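The values are calculated or read from the model by the stated rules, or taken from the named source; none is laboratory data. Quick caveat, the model's predicted, so the values are computed rather than measured. Reconstructed Cβ throughout: ideal geometry from the backbone, glycine too, with neighbour counts over all protein chains shown. Each accessible area value is taken on the protein alone, full model and side chains, heavy atoms only, with ligands, DNA and RNA left out. Shrake-Rupley method; radii C 1.70, N 1.55, O 1.52, S 1.80 Å.
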Amino acid sequence: MLFSENFKIAIRALRANKMRSVLTMLGIVIGVATVVALLSIGKGATASITSSIQSNGSNLLTVSPGKLQSGPASAGQSQQASYLYYSDYQLLERSLADNVAAIVPSYQSSYVVAHEDESFSVSVKGVTEDYQTTNSYEVAEGRFVTDGDNKSQSLVAVLGSQTAEDLFGGLTPIGKTISVKGVKFEVVGVLEPKGSSGFVSSDDAVFIPLETGYNKLFGSTATYNDRKIVNSISVSVTTTEAMDTVSAQIKFLLRRAHNLTSSDEADFNVLSQSDLLSTLTSVTQILTTFLGAIAGISLLVGGIGIMNIMLVSVTERTKEIGLRKAVGATRNQILTQFLIETMTLSVLGGILGILFGVGLALVFKATGMISSVITADSIFLAFTFALAIGVFFGLYPAYRAANLHPMEALRYE
Amino acid sequence: MIQTENLMKVYQMGDSEVRALNGASFTIDKGEMVAIMGPSGSGKSTLMSIIGCLDAPTSGKYMLDGVSVENMDEAKLAETRGRKIGFVFQQFNLLARTSALENVMLPLTYAGVSGKERNDRAMKALDRVGLSQRTHHAPNELSGGQQQRVAIARALVNEPAILLADEPTGALDSKTSVEIMDLFQSLHKDSGQTVILVTHDSYVARHTDRIIKISDGKIVSDEENRNPLKAGTPRMEE
């Protein structure tokens with residue numbers, strides 16, 4: 001018997017109980033829609049993190065203080081604070097030459113920044129001239145911090161686009177004065193907006209010359225044992241191929257500077273953008289899997305609904321099954337008929353669910369609430385899952401139908 | 001056409017055995033019109049389901065149209081039913097929301113006939129029962145008699161060796177019953193169709209040429225009926 005015959009029978013049977021079929025399908029529709037929508041949101045989060053990290057330039061190595069914690073710190077273990085020093089930066093600047101485009105130290109701390117009556121808590125970053133290029137900032141107005149500013153310890157500041165907007169509204173901030181912890185800075189530049197990098201906005205910041213910061217603003221918080229400290233050192237490498245070499249050189253130099261023996265764990269770490277990317281991606285992937293699994297459970301519930309209705313349907317149609325057998329239907333033909341009926345339900349539900357899910361993802365995207373990326377494989381996954389559920393939950397009712405005794409089925413009242 | 005030898009059918013009901021058929025042997029030739037008669041519980045339904053290949057006997061021999069049936073597997077049995085037996089039931093058993101034509105096409109579908117041939121054969125069968133004008137009506141748009149005619153057309157469409165009718169007039173009023181009995185008789189006389197009527201009603205049984213009576217799973221009489229009633233003969237109180 002042809003598939004199209006069975007399909008026609010299935011459609012007729014489903015149309016005979018329209019309301020019931022629609023409600024049964026709804027379980028699958030909702031399940032598939034949630035799978036598609038949640039996977040899209042997960043993919044969207046991954047994509048936005050990826051793009052913001054890549055906007056920082058992929059050939060950037062970031063040296064930051066601290067041990068790479070593997071496993072929880074055991075109780076009672078004294079956690080020695082570790083620092084990167086300005087002298088570390090100077091050492092790298094002196095020693096690294098090949099394949100390195102720029103080395104940028106930075107120190108940052110949060111302060112209340114005020115202009116006239118407006119005041120906001122903002123991250124103030126002490127940086128050098130190369131910070132702009134290594135972090136891919138564009139200047140919208142005025143200029144960035146220069147080496148000259150650092151030499152002369154000028155009291156100048158460059159504002160991130162968000163901070164400029166907060167403090168000055170639409171007015172031009174160039175030439176105006178802002179005050180940070182009572183220290184007055186002249187605004188010499190405003191940056192173009194760059195967007196959020198995953199969790200923190202890169203546009204909500206004030207940039208000042210690092211030397212100015214050490215001597216006039218940060219004070220003792222920026223020193224340890226009378227040595228100036230930095231939060232991070234960014235090393236911009238000329239080619240991707242040289243990343244590993246430079247990374248190894250940095251590790252070698254800093255281990256020696258920090259007097260570490262070969263058995264000691266490093267008290268700093270060197271991360272490339274791709275390391276950062278893979279860490280964050282694995283986090284969002286776990287999140288996506290988790291969300292998908294929750295949606296999968298609702299799909300499972302939908303499948304149980306299908307099985308329930310199909311069992312009812314088999315009982316109701318016992319006489320029909322008996323007759324089909326009497327006119328020559330084999331067990332396999334009955335099995336196929338009911339299986340196709342269940343699969344029609346689940347596939348139809350799957351298609352509707354995909355449409356709903358894609359619609360939902362598009363609504364999220366359009367409203368800008370959550371970024372979402374619809375991919376073919378998430379649609380494929382949801383559809384396959386729906387189909388598999390149709391087969392899985394359809395098999396038992398179909399098996400029941402196929403094994404009815406023809407004579408008893410015919411006499412069933 | 002049909003040869004049975006010592007047919008036995010035993011059902012297990014809890015601890016006790018029920019012998020629904022207890023050694024039935026008979027022969028029905030091609031072109032005969034036979035009634036199998038007996039009260040309810042006599043085993044006639046069991047006998048009918050075995051003759052109709054709906055069930056296999058526990059023991060005994062059954063040859064249908066030269067083929068031994070008793071050892072067939074499920075798929076072969078289904079195929080045999082589809083090709084050699086045309087069933088007519090008391091309650092018609094038509095598929096709801098399905099046109100007369102499609103109902104008649106059903107056995108052909110399972111027999112693997114498709115397309116124009118299937119359509120033509122179904123139309124011809126409907127024509128034989130006098131329903132060529134109502135091929136696209138669903139069962140709920142047809143009268144009881146018309147529904148039974150559709151069911152008979154469905155039984156005939158595969159040109160079966162045996163037309164096996166189980167109380168075919170049981171759900172019909174007396175006027176339509178006459179029409180249906182007339183139809184069976186003419187199918188038998190004009191086309192030489194082998195017809196087996198299963199009934200508890202001796203009036204219905206007397207329309208056939210031969211009456212096999214069954215009781216307690218055994219054949220108690222098997223007699224020729226020399227003067228079969230003509231369809232339409234009034235029912236006489238006995």
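Worth pointing out:
- Scanning segment B:31-75 for residues that are acidic (Asp, Glu) and assigned to a loop (DSSP other than H, G, I, E, B), we see that the one that is farthest from the other protein chains (Cβ to nearest Cβ) is B:Glu32.
- Among residues of segment A:325-382, those that are open to solvent by 50 Å² or more (accessible area, probe 1.4 Å), more than 24 Å from the chain's Cα centre (by Cα) and among the aliphatic types (A, V, I, L, M), counted: 4
- When residues of segment B:203-229 are limited to those that are of a type in the set (S, T, N, Q) and within 18 Å of B:Lys30 (Cα to Cα), the one modelled with the lowest pLDDT: B:Asn225
- If you check B:Gly144, B:Gly232 for being out of contact with any Lys or Arg (no Cβ under 6 Å at 6 or more places or on another chain) and modelled with pLDDT under 90, only one passes: B:Gly232.
- Matching residues in segment B:76-94 - criterion: being part of a helix (DSSP H, G or I) and open to solvent by 50 Å² or more (accessible area, probe 1.4 Å): B:Lys76, B:Glu79, B:Arg83
- So A:Glu413, is it more than 18 Å from A:Ile11 (Cβ to Cβ), within 14 Å of chain B (Cβ to nearest Cβ) and open to solvent by 10 Å² or more (accessible area, probe 1.4 Å): yes
- For segment B:95-110, residues that are of a type in the set (S, T, N, Q) and not in a loop (DSSP other than H, G, I, E, B) total 2.
- Selection count, segment B:33-44, where residues are open to solvent by 40 Å² or more (accessible area, probe 1.4 Å) and at negative phi: 2
Residue-wise test of (1) free of Cβ contacts under 8 Å to residues at least 60 places away in the same chain; (2) out of contact with any Pro (no Cβ under 8 Å at 6 or more places or on another chain); (3) within 13 Å of chain A (Cβ to nearest Cβ).
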site: B:Lys84; (1), (2), (3): no, no, yes
site: B:Ala96; (1), (2), (3): yes, no, yes
site: B:Ala111; (1), (2), (3): yes, yes, yes
site: B:Gly115; (1), (2), (3): yes, yes, yes
site: B:Arg121; (1), (2), (3): yes, yes, no
site: B:Ala125; (1), (2), (3): yes, yes, yes
site: B:Arg149; (1), (2), (3): yes, yes, no
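- Looking only at segment A:262-316, and only at residues there that are in contact with a Leu (Cβ under 7 Å, 6 or more places away or on another chain) and part of a helix (DSSP H, G or I), the one that is surrounded by the most Cβ atoms within 10 Å (Cβ to Cβ): A:Ile306
- Selected residue (only one of B:Gly115, B:Gly170 is more than 25 Å from B:Ile211 (Cα to Cα) and surrounded by fewer than 18 Cβ atoms within 10 Å (Cβ to Cβ)): B:Gly115
- Test: A:Leu253 is touching a Ser or Thr at 6+ places or on another chain (Cβ under 7 Å) and under 22 Å from A:Lys67 (Cα atoms): yes
- Hits in segment B:66-88 (condition: under 17 Å from the mean Cα position of the chain (by Cα) and of a type in the set (A, V, I, L, M, F, W, C)): B:Leu77, B:Ala78, B:Ile85, B:Phe87, B:Val88
- Scanning segment A:290-311 for residues that are under 33 Å from the mean Cα position of the chain (by Cα) and in contact (Cβ under 8 Å) with a residue 60 or more places away in the chain yields a total of 12.
- Test: residue in segment A:218-228 that is touching a Ser or Thr at 6+ places or on another chain (Cβ under 9 Å), open to solvent by less than 60 Å² (accessible area, probe 1.4 Å) and away from chain B (no Cβ under 14 Å): yes
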